[in-house]
Structures are given as structure tokens and as C-alpha cells.
Amino acid sequence: MNLTNYVVYIIGLFWLTLTDAKIGYFWHITDLHYDPFHNSLELHRGCRHRGSMEHNHRNERHRDHSCDSSWNLIQSAAALMAARHPDTLEFVLWTGDILSSSMEHLKEEYKLEAVRNVTDILSRTFSSQFVFPALGHNDPPPSRKLVDMWMQWLPTEALQTFETGGYYTIEQSHSKLRIVVLNSVLWAGGAARTDGPHRGRAQWEWLEQVLSKARRKSEMVYIVAHAGPGVEERHGAGSASAAGGGELTPQANARLIHLIRAFSDVIVGQFYGHRHTDTFRLVYSEGRPVSWAFLAPSVTPRGAGSISNPGLRLYKFDSNNGKVLDYTQYYLDVTTNRGEHHWAIEYNLTQYYGLREVSATSLDALADRIRNYHDRTIFNKYISALRVRHAPDFDCDTACVHVHYCAITRAEYQEFRACVRNPASALASRAPSNSAAILLYAILILISS
Ligand SMILES: *[C@@H]1O[C@H](CO)[C@@H](O)[C@H](O)[C@H]1NC(C)=O
Ligand SMILES: *[C@@H]1O[C@H](CO)[C@@H](O)[C@H](O)[C@H]1NC(C)=O
Ligand SMILES: [Zn+2]
């Protein structure tokens, strides 16, 4: 076969795969942090009151960012999703932290009532789709009452593991895609761990079994959870301070990365929330990028460390095989639209960053462009997205750019710290991946034969 024929053949194959795609959509919503007392005038309860006392050092512009979501904000998010409802919307991922952390000390009954109200608005918004919830550290632990609320969305088998551990798996009847929803609270340190460690162990065993079985059945898997692997780029990642508040323990983080690496042939996507920022993480195997994770921004404008605007994300995927093709990020500028809820498109992933496809390889190349110290174009786009277009006056020097790069590419806490300490070694250990060379070699062999 000569080169021209070969190229035509490859383009043909590519075209076939393209035209075969069955386009579907799903929403990913996370960290709603509903605060029923948002507008209350009661002293210490109403968020605005509390917020203005806690954050009186902040300027007026940031005031709305010290409050969790009001019921109005949640209604406006639901209205946006109803208005932008594609015909082929297949399901909704809802990755926890339903309630405001200010409700922590309230009665369980009251928290469940708030969860029920949010559940009701989602089931009205998505009357013919299933919503797959994952639990966050601000949510009530798994219980019969939660099961009763969510049984409209989860099959019996899923409800069984959900009731005891808060995790479950969903088999899509019409495709090879399997959704695996984890309860990251079981693997988190500090105050977040409400159950004995045996539940966390049971979840590990269950996850390994589910992934092995998926591999045997040639299924493709989405991993979905509140908190995912990797570090917090903004402060002492992997340190004791990062271990509280729902963050995975260093052991759990390392073990999850190990599993993702081992099953990277099966896992076609990871979807997390928790950080209240828009970012991504990469997992490598022998220097080669093998898996990606997208972290969607929160609905609440209140940041965990820094502040951002509310976001909602609509994924576009091939529902035959789960391959993610793109997403559209929606946002609400709470600083300029005070009191008004004008959601708008923030960006579309592939177009925004100029990606040809969504894959670990393309995102690894993007990470390299984010780190480009000489041309800040892509980094500035990344930072704008990270904070959902909040904080345009953000200042980041070369060391700061490097920390962001390390956070994206070093999910292991120790590797992250080493990367931050030593920019030069980070460059060396990320020697150009050899996959391009292998591909070229394979093509050469084919051509010569
Ligand atoms: C839940 O909704 C009901 C009915 O709208 C309302 O009366 C109640 O105050 C709400 N409770 C919470 C905690 O949101
Ligand atoms: C992003 O994608 C959406 C959905 O495909 C489309 O309607 C919109 O025009 C795109 N927006 C931009 C800014 O490209
Ligand atoms: Zn949260």
C-alpha cells in the first residue's frame, strides 16, 4: 500500500467512526450548597448578615460570593437546564454537597427536608431522565430516607449498595456504558469520615470487582464522585490541612490513582466536583497520559478557598461507547447581575482550547500549553475558566503558573510536592511521551509492508 492510499484509508476509517457516533448529552451539576437561610433577616442565620460580618474586609463587589445558593439561584439553574434541554439528554450527574456547610449543625430532619426540596426541583426539571446523585461531605449520610427520595432514579440493585455505603453502579441498557458512582466521603480524612473504616474498605473491594467485571464484558466506565484524586492547587496540597473537609486521605488518593491506572483501558471518563473550580487532572502510566478527570465548577458562588461564579455543564458524548466529545460550560455572573439570573454560555471546551478531541493525550498537550511561560494566552484562558470568569485582576507569576501545571499533571500528593519544589525535574520527568514515536513507527512498518 502506498502512502496516499494509506492516508485515504485512515481518513475513511476516521470518517466511519465519526458518522457512526450516536450523539447524546448529559448535565453535570455539583456543589449546589443550598442555604435555606440565605435571605433570612435573623441574626447569625441570614447569609447576607453573616457574610457581611465575616467578610467585611472584602470589598462590596465580592459580597455575593460570601453566600451559598439561595432558593432563587437554584430555581434559575433549573430553569436554564430546562430551557437548554437537548432532545437526546440521556441522564444527569449530580455530584453532591447539596447543602450549605452553614447547615452542618442543624437537625437531620431539617437537612433531609432541604435535600427533598432540591430533589423535587430536579425531578420536575428532568421528568423523563434519570439523575444519578453522589454524596458529598456536606450531605446527610446514606439512609432509608435518602433511598426513598432517590428510588425514582435508581434501580433496586443500586439502591442496595447505596443504602449501606452510598455507592452504586448503573448499567445503561442500550449501550456499553457503565456509570460507577462512588461515595468519596468514605475515603476522606478528618471530620468528614462518619463511618467506620470498614465501609471504605468495602467500597474498594466493590470497585475492583465492578471494574474487573466491566473489563470482562467490554464495557466502558465513567467514574463519578464528589471528591476525586489530585491536589488543591491553591494551598498546601497533600498536607494535613488539605485532609479535612472531604479531601481524600493520601492513602486513598494513591490507591484510587493506582486503580485508575490499572483500569485505564476501561475508564473513559471521570467526573468530580468538590473544589468549586473548573479544572482537570491527568493520570499517567510510565510517563504516558492514560486517563483524564474533569472537575466541574459549583453552582454556589461561595468558594472553597477562592471565589468563583456559579456554573452548570452540559456534556456531549457518543452514547454508543461513552466517548466524551465536548462540553458547554454555562455560567452566571453574580457580580454584575446582582439579583438577576442571566445564565450564559461561558465557553465550549474543544473550541476554547483548540482541542481536536477530548482524550488524555490531547489534555496532556493542553497542560503543556498552560505551562508555557513565554506565551500566557492559554494560561489566562485556563485561569479565567478556573474561576468561572471571576477575578479578572488575578496575578500569577512564573512559580504560580508552575503550581497550576503540577496540580493538573501530578495527582499523587508526593509527586505534586516534588514537582512544585523542583520545576527543572518536572520538565525532565515529563520527557516527550513516546506514544507519538510508536505511532510513527507503526505507520512506517505498515507502509513498508
Ligand atoms: C421546602 O419546601 C417547602 C414547600 O415549598 C417549604 O415550605 C419549606 O420551607 C422548604 N424547606 C426547606 C428547608 O427548603
Ligand atoms: C457552544 O456549543 C453550543 C452547543 O453546541 C452552541 O449552541 C454554541 O453556539 C457554542 N458556543 C460557542 C461560543 O461556540
Ligand atoms: Zn462543596
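The values are calculated or read from the model by the stated rules, or taken from the named source; none is laboratory data. Everything quoted here is computed from the prediction, not taken from an experiment. All Cβ positions, glycine included, derive from the backbone under ideal geometry; neighbour counts span all protein chains shown. Surface accessibility is based on the protein's heavy atoms, side chains included, excluding ligands, DNA and RNA. Shrake-Rupley method; radii C 1.70, N 1.55, O 1.52, S 1.80 Å.
Some observations on this one:
- Translational D in µm²/s for segment 70-209 (Stokes-Einstein at 37 °C, 0.692 mPa s, Kirkwood Rh from C-alpha pairs): 204
- Within the assembled protein chains, the solvent-accessible surface assigned to SER359 is about 20 Å², based on a 1.4 Å probe.
- Here's how it looks for SER285: its modeled amide H is under 5 Å from those of VAL290, which are all 5 or more places away or on a different chain.
- Size check on segment 262-395: the Cα extents along the three principal axes, sorted descending, read 47, 39, 26 Å.
- Within segment 281-295: backbone nitrogen closer than 20 Å to the ASN422 label point (7 Å, Cα to C-beta): 284-288
- Low-density loop positions, trypsin sites (Lys or Arg not before Pro), segment 317-371 - DSSP coil, at most 13 other Cβ in 10 Å: ARG338, ARG356
- Extension gain, ARG376 to GLU357, is 4.6 nm, computed as 0.36 nm per intervening residue step minus the present C-alpha separation.
- Using a Förster distance of 30 Å, the FRET efficiency for ARG215-ARG369 (Cβ separation, nearest 0.05): 0.35
- Stretch gain in nm, segment ASN321-ALA21, where the contour uses 0.36 nm per residue and the Cα spacing is subtracted: 107.1 nm
- Per residue accessible area of segment 280-357, 1.4 Å probe, in Å²: 35
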